[in-house]
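The structure under discussion appears below in the form of structure tokens.
The values are calculated or read from the model by the stated rules, or taken from the named source; none is laboratory data. The model shown is predicted, which means the values in this text are computed figures rather than measured ones. Cβ coordinates were reconstructed from backbone atoms using ideal geometry, including for glycine residues, and neighbour counts include every protein chain displayed. All accessible areas refer to the heavy atoms of the entire protein, side chains included, with ligands and DNA or RNA removed. Shrake-Rupley method; radii C 1.70, N 1.55, O 1.52, S 1.80 Å.
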Amino acid sequence: MTRYKIKDPELTRRRFINMAMGATATVGTVSLLGTLGGAHPVFRLTEDKKPPMEGDILVHADPAKEGTPITMAELSETQVTAWPMGTDADGNQIIRKGEPNNLLALYRYPAGP
């Protein structure tokens with residue numbers, strides 16, 4: 001009688017399920033870490049990175065006119081780019097251009113039937 005067990009080289013159903021569950025858990029953990037790493041925590045949300053809020057006015061994003069409010073007379077069929085401008089807790093004017101998603105494109109459509 002031998003003292004050593006002969007290992008079966010075949011893949012059993014239990015071993016296959018264990019390997020599949022391990023691979024699934026690994027992929028899930030890696031994707032969760034990637035998602036959490038790309039998240040923007042709330043404590044990093046500064047005044048210039050906040051989204052447009054109620055009471056904000058739209059100002060020119062063009063470097064030549066940056067910071068001047070946009071009037072209805074300036075709008076036409078050509079694009080006018082704008083940033084929202086609001087106030088912080090101290091009442092200072094802040095242009096919310098820290099977040100690229102805050103850049104707005106404004107148009108005036110021609111009057112038609």
The chain - accessible surface per residue (Å², probe 1.4 Å) | 85 Å²
Once Leu11 and Tyr107 are pulled to full extension, the length gained, defined as 0.36 nm per residue separation minus their Cα-Cα distance, is 28.0 nm
Taking 0.36 nm per residue of separation and subtracting the Cα-Cα distance, what length does fully extending Thr46 through Glu77 add?
-> 7.8 nm
What translational D, rounded to a whole number of µm²/s, comes out for the range 25-113 from Stokes-Einstein when the hydrodynamic radius is the Kirkwood one over Cα pairs, at 10 °C and 1.306 mPa s?
-> 102 µm²/s
How far is the Cα center of the range 50-113 from the Cα center of the range 13-38, in Å?
-> 45 Å
Distance in nm between pseudo-label sites at Leu33 and Glu99 (7 Å out along the Cβ direction from Cα) = 2.8 nm
Determine the share of the chain's accessible area contributed by carbon and sulfur atoms, expressed in whole percent, with a 1.4 angstrom probe.
-> 61 percent
Any chance you could count the Lys pairs in the chain whose alpha carbons are under 25 Å apart, treating pairs 8 or more apart or on different chains as valid?
-> 5
Given Cα pairs under 8 Å that are at least 6 residues apart, what percent is the relative contact order of the chain?
-> 22 percent
